[in-house]
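Enquirer: This is the structure, below, for whatever I ask next.
The values are calculated or read from the model by the stated rules, or taken from the named source; none is laboratory data. Here the structure is a predicted model, which is why all the values come from computation and not from measurement. Heads up, the Cβs are rebuilt from the backbone with ideal geometry, glycines too, and the neighbour counts pull from every protein chain shown.
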């Protein structure tokens, strides 16, 4: 189980994020337009550079920016919790369908609607290394989207045992369970 009381979660960004704001999150990501974290500190550090690249492209920071931040949070389970949480135990057909539905709601509208009921989704992350396989699957390269054959081919190519985790906070209510701890600066040399 990824999400448990007291677990430390990390978010890599071009800026310190003390108070997450869902309206600032980008859409069409693995689990939708929500606030993403991970239990893997090194993975969050790697996300910093990707976040800075996107911020440079959007004009939010200077092209010479060579730093970002990993913000740390503690998840605090409340005894009266009414949060709806779903954890994908592995990268399987259900996980792949959820990701595809959030990246392209028009492909699997019923699947997309199903996941709207959850406050938090957790599971494996589809990162830059897996993106070509997911795009190929969504374009029908392995067969019709949603078919067993296409799903199984995509899962085999994704090598799910190598994927790290992500925790996606989808609602304002779920953000109340995060306690900001600190941020650490991450820098690198500009080539």
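Enquirer: Quick check, is residue 86 under 18 Å from the mean Cα position of the chain (by Cα) and free of Cβ contacts under 8 Å to residues at least 40 places away in the same chain?
Expert: Judged against the criteria, residue 86 is a match.
Enquirer: Please find, within region 59-79, the residue that is nearest to residue 21 (Cα to Cα) out of those that are loosely packed, with under 15 Cβ neighbours inside 10 Å and in contact with a strand residue (DSSP E or B) (Cβ under 9 Å, 6 or more places away or on another chain).
Expert: 74
Enquirer: Test residue 177 against the criterion of being free of Cβ contacts under 8 Å to residues at least 60 places away in the same chain and crowded, with 19+ Cβ neighbours inside 10 Å, and give yes or no.
Expert: Spelling it out, it is not the case that residue 177 is free of Cβ contacts under 8 Å to residues at least 60 places away in the same chain and crowded, with 19+ Cβ neighbours inside 10 Å.
Enquirer: (1) under 28 Å from residue 51 (Cβ atoms); (2) in a loop (DSSP other than H, G, I, E, B): which one isn't true of residue 117, the others all being true?
Expert: For residue 117, the failing item is (1).
Enquirer: Can you tell me which residue in region 145-167 is surrounded by the fewest Cβ atoms within 10 Å (Cβ to Cβ), limited to those that are touching a residue at least 60 places away in the same chain (Cβ under 8 Å) and touching a helix residue (DSSP H, G or I) at 6+ places or on another chain (Cβ under 9 Å)?
Expert: Out of the qualifying residues, it is 164.
Enquirer: Turning to a different aspect of this structure: What is the number of the single condition among (1) in a helix (DSSP H, G or I); (2) buried (at least 19 other Cβ atoms within 10 Å of the Cβ); (3) touching a helix residue (DSSP H, G or I) at 6+ places or on another chain (Cβ under 7 Å) that residue 142 does not meet?
Expert: The one condition residue 142 does not meet is (1).
Enquirer: Pick from region 146-187 the residues that are assigned to a loop (DSSP other than H, G, I, E, B) and at pLDDT below 90: which of them is nearest to residue 117 (Cα to Cα)?
Expert: 146
Enquirer: Return yes or no: is residue 105 exposed (fewer than 13 other Cβ atoms within 10 Å of the Cβ) and over 18 Å from residue 39 (Cα atoms)?
Expert: Taking the combined requirement at face value, the residue does not satisfy it.
Enquirer: Considering region 27-45 alone, what residues qualify as being at pLDDT below 90, out of contact with any helix residue (DSSP H, G or I) (no Cβ under 8 Å at 6 or more places or on another chain) and surrounded by fewer than 16 Cβ atoms within 10 Å (Cβ to Cβ)?
Expert: Listed by number, the list holds a single entry, 27.
Enquirer: Next question, about the same structure. Can you tell me which condition residue 95 does not meet? The list is (1) within 24 Å of residue 43 (Cα to Cα); (2) touching a strand residue (DSSP E or B) at 6+ places or on another chain (Cβ under 6 Å); (3) outside any helix (DSSP H, G or I), and all the others hold.
Expert: Looking at each condition in turn, residue 95 falls short on (3).
Enquirer: For the condition out of contact with any helix residue (DSSP H, G or I) (no Cβ under 8 Å at 6 or more places or on another chain) and crowded, with 18+ Cβ neighbours inside 10 Å, what is the one hit in 112, 118?
Expert: Unique residue meeting the criteria: 118.
Enquirer: Turning to a different aspect of this structure: If I filter region 123-132 down to residues being under 17 Å from residue 90 (Cα atoms) and at pLDDT 80 or above, which single residue comes out as surrounded by the fewest Cβ atoms within 10 Å (Cβ to Cβ)?
Expert: 125
Enquirer: Could you tell me how many of the residues in region 84-95 are surrounded by 15 or more Cβ atoms within 10 Å (Cβ to Cβ) and touching a helix residue (DSSP H, G or I) at 6+ places or on another chain (Cβ under 6 Å)?
Expert: So the answer is 2.
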